[in-house]
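Here is the structure we will look at, set down as structure tokens.
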Amino acid sequence: MNNSRHFAIVAVLIVITTVVLYIFFSAIFALPQAASAEAAPIDIMFDVHYWMIAFLFALIMVIMLYSAVVFRREPDDDEDGPHIHGVTSLEIGWTVIPTIIVLGFGVYGTVVLNDIVAPNQGEVTIKVEGKQWGWRFEYPEEEDAVSGQLGLEVGRPVLLEMTAPDVLHSFWVSEFRVKQDLVPGRTTYLRFTPTEPGTYKVRCAEICGTGHADMRATVLVMDSADYDAWVEDIQSVPDYANMTPEERGAEWYNDPTYNCFTCHSPDGAALAGPTWQGIIGREEALADGSTVIVDADYIESSILEPNAQIVDGFQPGVMPENFAELIAETEQNILDTQGIEVDVIDDLIAFMATLE
Ligand code: CUA
């Protein structure tokens, strides 16, 4: 068989292998639903990479395996192979072509990234705070309304201004494709435009301690009528005077300022801190070997000085130590705006007593 026939066969095998591998990659690395305007150029980029990876793998493996099979030594052939001292044109080729391809991918990626981070017309700014272990979303354009869920209007571009008070976190919604770290001591930004109504999840994508895996929040992408109703809902401050301590306690438990729920389950599930189910009156073994009966005093001191008494099996230094400050702010704020005195810790204890 002459050389050009070998080349032709190898070329056909490379094309077939590339297509098969591309189909294989697209199936096993299938991306989730695309729900933002940014997803399209990013998904095309993934696609181009899959083609390139499939082609390079085929190029190397097909030539190698073809040579190993077709040019195999005959059983009685004891001759040396030809002595080859390099082929200059080949070496220039396999240096220059990959260099151009790598540079091309670099330019392509830069152009796409540049386009994705550019400001959009009419974007709404939302402040995001990620902390151990929960998310808090503040809407400066909606009278600073606060929510533990990220509500978005479909088709409306978003600018997130993100901060973290403690350690690195990372905002990631896989359906939007974009991701950005939250860095203590600075503000980071993320832009995207949600395009598909639905419910998604923010996941923290940066290991940030015991509760990292639980650091999630719901994202709601709504049409504009639903969005307006949702904003109105988060703006309406509850009438605390007409709520029972148990109801207020449930409110504090889910409040994104405190995020009690990320570490303390109401139903016995194991999270970063002891469950609140049946907590009142429970006998807890402490890490120092002593035991304590859980009463109001113990709960108050555990909230205000979380590291003083650690329940056996849990880690010290996990619960933030600024709850005294946060609670004082809440109580002052309610006194200022509604003229009533609430006691957040008493409310929480009343709520705990309902979790039998
Ligand atoms: Cu926050 Cu992981």
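At-a-glance table
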item: Top-ranked residue in region 227-243 [being modelled with pLDDT of 90 or more and over 27 Å from Ala164 (Cβ atoms); ranked as surrounded by the most Cβ atoms within 10 Å (Cβ to Cβ)]; result: Asp228
item: Any hit, region 142-154, residues being touching a helix residue (DSSP H, G or I) at 6+ places or on another chain (Cβ under 8 Å), more than 25 Å from Met319 (Cα to Cα), polar (S, T, N, Q) and more than 16 Å from the ligand (Cβ to nearest atom); result: no
item: Yes/no for Leu56 being closer than 28 Å to Thr18 by Cβ, assigned to a helix (DSSP H, G or I) and at pLDDT 95 or above; result: no
item: Residue satisfying all of: in region 194-218; away from the ligand (no atom under 16 Å from the Cβ) and surrounded by 19 or more Cβ atoms within 10 Å (Cβ to Cβ); nearest to Arg156 (Cα to Cα) among these; result: Pro194
item: Lone qualifier among Ser4, Ser26, Ser36 - being without any contact (Cβ under 8 Å) to a residue 24 or more places away in the chain and among the polar types (S, T, N, Q); result: Ser4
item: Number of positions in region 264-306 that are loosely packed, with under 12 Cβ neighbours inside 10 Å and closer than 23 Å to Asn322 by Cβ; result: 1
item: In region 1-47, the residues that are loosely packed, with under 12 Cβ neighbours inside 10 Å, aliphatic (A, V, I, L, M) and within 30 Å of Leu159 (Cα to Cα); result: Ala30
item: Conditions (1) touching a Phe, Trp or Tyr at 6+ places or on another chain (Cβ under 9 Å); (2) within 15 Å of the ligand (Cβ to nearest atom): number failed by Val158; result: (2)
item: Residue pairs meeting the criteria (Cβ under 7 Å; at least 6 apart or on separate chains; first more than 12 Å from the ligand (Cβ to nearest atom), in region 164-185; second in a helix (DSSP H, G or I)); result: Phe176/Ala39; Arg177/Ala39; Arg177/Ile42; Val178/Ile116
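The values are calculated or read from the model by the stated rules, or taken from the named source; none is laboratory data. Because the structure is predicted, anything quoted here is derived from the model rather than measured. Glycine also receives a Cβ, built like all others from the backbone with ideal geometry; neighbour counts cover every protein chain displayed.
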